[in-house]
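S.K.: Once you've had a glance at the structure underneath, I'll fire off some questions.
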Protein chains: 2
Amino acid sequence: MNSSNTFGAYKLFFATLANDSRLTILGIIRKEPKNLSEICKITGFEQSMVSHNMKLLEYHGMVFVEKKGKFKYYSLNKNTIKPLLDLIDQHTNKYCCKILEGKR
Amino acid sequence: MNSSNTFGAYKLFFATLANDSRLTILGIIRKEPKNLSEICKITGFEQSMVSHNMKLLEYHGMVFVEKKGKFKYYSLNKNTIKPLLDLIDQHTNKYCCKILEGKR
DNA sequence: TAAATAGATGAATATAATTTCATATGAATA
DNA sequence: TATTCATATGAAATTATATTCATCTATTTA
């Protein structure tokens, strides 16, 4: 990860969200916090993969963590991620009709 | 590019912005439209690289194009990209103090 | 219409991100 | 305290993305 240029923060931000697994996970903890094992069970994702990904999401402030004993509960950062997704929904509806109609 | 899942549109959206060259280009056309050669000159980027990237940006509705003779002028989609960058600035300030302080 | 300039394209290469695997650590409880 | 469950970690393998290179087409103008 290159963070040495002007847009480094943006780049890291977007890169963190440009991943299906992480987006799926964000979708799951959108309603209520879940711990790592729960996320694995729900998604079918492998444990260490989820762990790696949660670290990234946490590092970039997209999720918050609360440790309860041996469990770690993750919750969505609703302050920015929620409005962000809304904004993109808008954009997608207006400008990206082509997107998702098929492969490029 | 996998667009077959629920988050496909998000994924593509973020992936398009998760690139230093493209972010640099967006920064340049933020103020006023520029054609491809101008973008190359200003950035020092190679012509075909810029061409490939502009195609992506256009395809995802992040820039608009106007053809004038043999030139193609690109302008920023200020409807969504501008507020989006603002939102992320906010997020970055609040939650991502760690980001950009060094390598991970 | 030939030369020059702007941009496009596809395949090859280079680079980077993601996932998996094996294993480690830490907390809880039988 | 031995075992079990939750999570972490690093390196290897995989997969995805970006960039370059050579070449092509389109438009303008001498």
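The values are calculated or read from the model by the stated rules, or taken from the named source; none is laboratory data. This one's a predicted model, so the numbers in the text were calculated from it and none came from an experiment. As a convention, Cβ positions derive from the backbone with ideal geometry for all residues, glycine included, and neighbour counts pool all protein chains shown. Calculation scope for accessible area: heavy atoms of the full protein, side chains included, ligands and nucleic acids excluded. Shrake-Rupley method; radii C 1.70, N 1.55, O 1.52, S 1.80 Å.
S.K.: Mind checking whether some residue in the stretch A:31-45 is on the phi > 0 side of the Ramachandran plot and open to solvent by 40 Å² or more (accessible area, probe 1.4 Å)?
M.R.: From the stretch A:31-45, those on the phi > 0 side of the Ramachandran plot are A:44; that's our starting set.
Filter again for open to solvent by 40 Å² or more (accessible area, probe 1.4 Å), leaving A:44.
Looking for residues that are on the phi > 0 side of the Ramachandran plot and open to solvent by 40 Å² or more (accessible area, probe 1.4 Å), one finds at least one in the stretch A:31-45, hence yes.
S.K.: With the condition being within 12 Å of chain A (Cβ to nearest Cβ), I'd like the helices (runs of 4 or more DSSP H) fully within the stretch B:1-60 carrying at least 3 qualifying residues.
M.R.: Values: elements: B:8-17, B:20-28, B:36-43, B:47-59.
Those helices (runs of 4 or more DSSP H) span B:8-17, B:20-28, B:47-59.
S.K.: Another one. So, in the stretch B:68-99, how many residues would count as being modelled with pLDDT of 85 or more, more than 16 Å from DNA strand C (Cβ to nearest atom) and open to solvent by 60 Å² or more (accessible area, probe 1.4 Å)?
M.R.: Residues meeting the conditions: 2.
S.K.: Could you please tell me which pairs satisfy a Cβ distance under 8 Å, a separation of 6+ or placement on different chains, a first residue in the stretch B:71-85 that is over 22 Å from B:Ile39 (Cα atoms), and a second residue that is outside any loop (DSSP other than H, G, I, E, B) and β-branched (Val, Ile, Thr)?
M.R.: Pairs found: B:Leu84/A:Ile88.
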